[in-house]
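The values are calculated or read from the model by the stated rules, or taken from the named source; none is laboratory data. Just so you know, these numbers come straight off a predicted model, no measurement behind them. For neighbour counting, all protein chains shown are included, and Cβ atoms are generated from backbone atoms with ideal geometry for every residue, glycine included. Surface areas here come from the heavy atoms of the whole protein model, side chains and all, with no ligands, DNA or RNA. Shrake-Rupley method; radii C 1.70, N 1.55, O 1.52, S 1.80 Å.
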Amino acid sequence: MQHGGHPHTSWSTAARATLHCLTGCAVGEVLGMVIGTALGWGSVPTLVLAITLAFFFGYALTLRGVLKAGVDLRAAIRVAFAADTLSIAVMELIDNGVIAFWPGAMDAGLGDALFWWVLAIALAAAFVVTTPVNKWMIGRGKGHAVVHQYYH
């Protein structure tokens, strides 16, 4: 089915792409928070590390699949950047926005239930906001659409 000259993208496809992105982001976020907290860093450096690691792990998950399909490293890196940059950026903006503005969340430690509850809510909100972004991008041949050719 065509819609506006572009292939119709299902919500299921968009949700799978977003879940893929969420996995990398969550690993990076949690690892960044654990490292920053363990080293006694403040909120800003810890958030910078968490965001950096979220991008790293988000890209790494895509790279793994594309490299496995036999694509050379330079091309695989370009595919990962094209597929994931906007998705990860939106996810990180929403996720960290929720954490930054939730009262007490930035001061909560890893042993505090508030930290984990707010992180779960933040990641869920990021998933909800990012899924329509991915649907729009895939429907236009962008985002995870550029990866699908390597998985079949």
- So how strong a dipole does segment 1-84 carry about its Cα centre when Lys and Arg Cβ are +1 and Asp and Glu Cβ are -1, to the nearest 20 debye? 200 debye
- What number, rounded to the nearest 500 deg cm²/dmol, is the helix-based mean residue ellipticity at 222 nm of the chain, given -39500 (n - 2.57) per DSSP H run of at least four residues and division by all its residues? -27000 deg cm²/dmol
- Rounded percent of accessible protein surface that carbon and sulfur make up, the chain, 1.4 Å probe: 71 percent
- Message: Give me the percent relative contact order of the chain, please, defined on Cα pairs under 8 angstrom at least 6 residues apart.
- Response: 32 percent
- Note on the structure: Scalar couplings 3J(HN,Hα) for segment 78-90 by Karplus 6.51 cos²θ - 1.76 cosθ + 1.60 (θ = phi - 60°), nearest whole Hz, x for Gly and Pro, are 4, 4, 4, 4, 5, 6, 10, 4, 5, 4, 5, 4, 5
- Query: In square angstrom, what is the accessible area per residue of segment 57-152 with a 1.4 angstrom probe?
  - Reply: 53 Å²
- In degrees between 0 and 90, to the nearest 10, how far off the longest principal axis of the chain does helix 113-139 point, with axes built from Cα atoms? 20 degrees
- Message: Residue by residue through segment 62-73, what is 3J(HN,Hα) from phi via Karplus (6.51 cos²θ - 1.76 cosθ + 1.60, θ = phi - 60°)? Round to whole Hz and write x for glycine and proline.
- Response: 5, 4, 4, x, 5, 5, 4, 7, x, 7, 5, 4
- About its Cα centre, how strong a charge dipole does the chain have in debye, to the nearest 20, once Lys and Arg get +1 and Asp and Glu get -1 at the Cβ? 680 debye
- Report ³J(HN,Hα) in whole Hz for each residue of segment 36-52, in order, from the Karplus equation J = 6.51 cos²θ - 1.76 cosθ + 1.60 where θ = phi - 60°; Gly and Pro get x. x, 5, 4, 8, x, 6, x, 4, 5, x, 5, 5, 4, 5, 4, 5, 4
- Message: Tell me which of 54, 100, 116 sits at the most positive position along the dipole axis of segment 1-119, charges placed on C-beta atoms (Lys, Arg +1; Asp, Glu -1).
- Response: 54
- Note on the structure: The long-range amide H neighbours of residue 112, using H built 1.01 Å from N in the peptide plane and a cut-off of under 5 Å, are none
- Item | Viscosity 0.692 mPa s, temperature 37 °C, Stokes-Einstein D of the chain from Kirkwood C-alpha radius, µm²/s | 205 µm²/s
